[in-house]
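Notes follow the structure.
Every number here is computed from the coordinates shown, using simple stated rules; none is lab data. Worth saying up front: this structure is predicted, and the values here are computed from it rather than measured. Positions of Cβ are backbone-derived with ideal geometry, glycine not excepted, and every protein chain shown enters the neighbour counts.
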Amino acid sequence: MIDLAAERVAAAAGGTLLAGDPERRGPKRAVIDSRAVEPGDLFVGLPGASADGAEFAPAAIEAGAWGVLVAEERREPALAAAGGEGNGSQAVVIAAGDTLPALQRLATAWRHELGCKVAGITGSTGKTSTKDILAALLRPRVRTRSSRENFNNQIGLPLTILETPRDTKVLVLEMAMRGEGEIAELAAIAAPDVGVIVNVGPVHLELLGTVERVAAAKAELIRDLPAGAACAVPVSEPLLRTHLRDDLETWTFGPGGHVQLLAMEGPRAEIEARGERIELELPFREPHNLLNTLAAVAAARAMGLPVGGLVEVRFSSLRGEIVELPGGVVVVNDCYNANPMSMRAALDHLADTPAERRIAVLGTMAELGPDTARYHHEIGELAAALDIDVLVTVGDAALAYADGFDGETHAVATPEEAGALLEEVARPGDRVLVKGSRSVGLERVLA
């Protein structure tokens, strides 16, 4: 609960309190979808491509919202639903010049009210899994909250902060970007105490052009940390070295770094963190998630928090989910997103997993710019080198995978066609990887 008086909520958002008791406590959280409003929520009417959220403010009030935050020019319908301007007993109505910056200002104010440690995590791939692992490491020891699913952008991150209760001790926030300046915007809202960059790779090249510019955009997180804060970066990433700062405590992770994996026996991982031996019991063995674990350990130790023992992590949806189909076919549903780095990691893991046959159902990797065909061709070559048995490409843009693959290949137009094809070609004991960029909608393969 955001236990500030309505007058303070309005001031923190940079808005004006038009209706409602100025001393009313709350709200419970902020929401932007009027259909999700529960009693006690603050509904924020954001402008959209097809409709302005302020149109739904009366419906939110009718649903029991604590109050609404709307643009100045859209105030009248909300005021009418709340009983009129100056009404001191009905729902709160706050008006601001622009509701998105108002939402962000309110989130920043609440972040400072919380006074908890904040970890900000970004990266070209693996940032969601690293967020999930770090939260799982910390929860047994300290009251921890983290971003839900893909609440990682200029809207989702503020909403995450605003649903964080006051007794939280650590807040783990995922930070996503597509272009320059976006990580800086999120860092300004979240004011992290430690910034983690999981890795840098060829993503969002349509907007950024080069991997060097991707690194610089990610490194806005390092640039905007306050002096005396901490950052955690891969020891093997040269593109981040010029962005490191002498006035920050820097933790490196990976082989030869401050935090590295010493041994892995069954579920037990032995990790060294600046001379300290840490033992974790992990429910996974994938190399990419072991590296994500090192990043999470670095973040925890940078915040001065101990870790160890059993790690019970539940990864966000569509990220490596194991689905067992009738007939003994196992599907790895990893279709939330894809880029050359994450695709290589997923194929490596598929190749290392025992199975009668290995089938890769691959959609396009989006936003790779003019070298899109080359990146797809290289992934096809990798699949062939790893002895993947069957390749299924989904959509025209994914056909370039097949150019580099010399095994059994099927091309389909839609995820639904891929699902129907799997019913025909998959056999008992097969293992199937389903992976592609979010825009492809490959979750429909299993629909």
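Just to verify a number: FRET efficiency for His112 and Glu408, C-beta to C-beta distance, R0 = 45 Å, to 0.05?
In this case the efficiency is close to 0.20.
So the label point goes 7 Å from the Cα of Ser439 along Cα→C-beta, right? Which residues of the range 170-187 then have their backbone N under 15 Å from it?
Under 15 Å, as judged by backbone N against the label point of Ser439, lie 178-179 of the range 170-187.
Between 0 and 90 degrees, rounded to the nearest ten: what's the tilt of helix 99-114 against the longest Cα principal axis of the chain?
Between helix and principal axis, roughly 90 degrees.
Please list, in order along the range 367-379, the HN-Hα scalar couplings obtained from phi with the Karplus expression 6.51 cos²θ - 1.76 cosθ + 1.60 (θ = phi - 60°), rounded to whole Hz, x for Gly and Pro.
Running phi through 6.51 cos²θ - 1.76 cosθ + 1.60 with θ = phi - 60° gives 6, 9, x, x, 8, 3, 4, 5, 4, 5, 4, 5, 5 Hz.
Could you order the peptides 412-418, 183-189 from most to least packed, using the average number of other C-beta atoms within 10 Å per residue?
Result, highest mean first: 183-189, 412-418.
Order of 129-139, 91-101 by packing, highest average Cβ count within 10 Å first?
The most tightly packed comes first, giving 129-139, 91-101.
Would you mind ranking Tyr336, Tyr375 so that the residue whose beta carbon has the fewest other beta carbons within 10 Å leads the list?
Tyr375, Tyr336
Which order do peptides 162-172, 394-404 fall in by mean Cβ count within 10 Å, highest first?
Descending mean neighbour count gives 394-404, 162-172.
Calculate the spin-label point distance for Val425 paired with Glu62, positioning each point 7 Å from the Cα along the beta-carbon direction, and give it in nanometres.
It works out to 5.1 nm between the two label points.
Could you give me the percent of Cα pairs per 10 Å distance bin for the range 115-310, shortest bin first, beginning at zero and ending with the bin that holds the maximum distance?
For the range 115-310, the binned pair fractions read 10, 39, 37, 13, 1 percent.
Counting DSSP beta bridges with both partners in the chain, what percentage is antiparallel, nearest 5?
Expressed as a percentage, antiparallel bridges in the chain total about 30.
Beyond 23 Å between alpha-carbons counts as too far, so tell me which of Lys28/Lys218; Lys127/Lys218; Lys127/Lys435; Lys131/Lys218 fall in that bin.
Among Lys28/Lys218; Lys127/Lys218; Lys127/Lys435; Lys131/Lys218, the Cα-Cα distance tops 23 Å for Lys28/Lys218.
Collect residues whose amide H, placed 1.01 Å from N in the peptide plane, falls under 5 Å from the amide H of Cys231; neighbours closer than 5 in sequence don't count.
It is Gly195, Glu249, Thr250, Trp251, by chain and number.
As I understand it, the value is the acute angle between the Cα axis of helix 287-302 and the longest principal axis of the Cα atoms of the chain; what does it come to in degrees, rounded to 10?
The angle comes out near 40 degrees.
Can you give the charge dipole size of the chain about its Cα centre, rounded to the nearest 20 debye, using +1 on the beta carbon of Lys and Arg and -1 on the beta carbon of Asp and Glu?
Here the chain has a charge dipole of around 1380 debye.
If one takes the longest principal axis of the Cα atoms in the chain, at what angle in degrees, from 0 to 90 and to the nearest 10, does the Cα axis of helix 127-138 lie?
That works out to roughly 70 degrees.
So, in nm, how far is label Ser317 from label Val211 when the simple model puts each one 7 Å beyond its Cα toward the Cβ?
My value for the distance between the label points is 3.3 nm.
Can you tell me how much longer the chain between Leu325 and Ser50 gets when fully stretched, taken as 0.36 nm per residue apart minus their C-alpha distance, in nm with one decimal?
Full extension from Leu325 to Ser50 adds 95.1 nm.
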